[in-house]
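Peer 1: What follows is a single structure, and I will ask about it in a moment.
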Amino acid sequence: GLETQVQIVSNNDTTISNTNTFNDFGLLVHNANGTLDSFAGIAFSNQHYNWPQNDTDAINAAIYSVRKDTGTSNLDTDLVFSVNSGAGTGGDGLHERVRINYDGKVGIGETSSSALLTVAGDISSSGNIITNGDITASSMHLHYLPDADNNILQIGIGEERKGNILFYDDDAKDL
């Protein structure tokens, strides 16, 4: 059966804030090196390897922080989520999938986000995509321009808007 290997119990009533210290957390993963790109993290494995294991394929996933600045007063750190792709025999090591940059920007399939959310690849949605701004593709510009009936979508090439698409309900007259 399943057994608890590590249990962390805390009776600390401290709430999370930007003033918490090491003592406020139930678990601390620490790398005292502090050089650029040094990291501290948690690795996950559900393999049948004997321990200790020094094989990168033994790690199925990991969450780790990566130091992005070496200054003593600037502790810029990214949080990275990686998984082993499983390609080949036994996998081919960890591959970064999501990164939250120290400035709050999130990259999915992208290691350096230039916007609040950057996605490398297709985006699929089974629901609505809601925006209060423009949607810009590399060479096409979509702009929602609400009129009294909220029914105009402008489409253009680049920043130029070339024409309108009007949306009507079933009761509207044809143009």
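Please treat every number below as a calculation from the coordinates, not as lab data. Just so you know, these numbers come straight off a predicted model, no measurement behind them. FYI the Cβ positions are ideal-geometry reconstructions off the backbone, even for glycines, and counts take in every protein chain you see.
Peer 1: Multiply the residue gap between Leu116 and Leu28 by 0.36 nm, knock off their C-alpha separation, and tell me the result in nm, one decimal place.
Peer 2: Details: separation 88, 0.36 × 88 = 31.68 nm, distance 2.79 nm.
Result: 28.9 nm gained on full extension.
Peer 1: Further question: Which cross-chain or sequence-distant (5 or more) residues have an amide H under 5 Å from the amide H of Asn84, H modelled 1.01 Å from N in plane?
Peer 2: Ala61, His95
Peer 1: Starting from the amide H of Ala40, placed 1.01 Å from N in the peptide plane, find each other amide H under 5 Å away whose residue is 5 or more places distant or on another chain.
Peer 2: Here Ser65 satisfy the definition.
Peer 1: If you don't mind, another one. Packing-wise, with mean Cβ within 10 Å as the measure, how do 14-24, 110-120, 95-105, 59-69 rank, highest first?
Peer 2: Numbers: 14-24: 8.4, 110-120: 12.9, 95-105: 15.3, 59-69: 17.1.
Highest-to-lowest ranking by the protection proxy: 59-69, 95-105, 110-120, 14-24.
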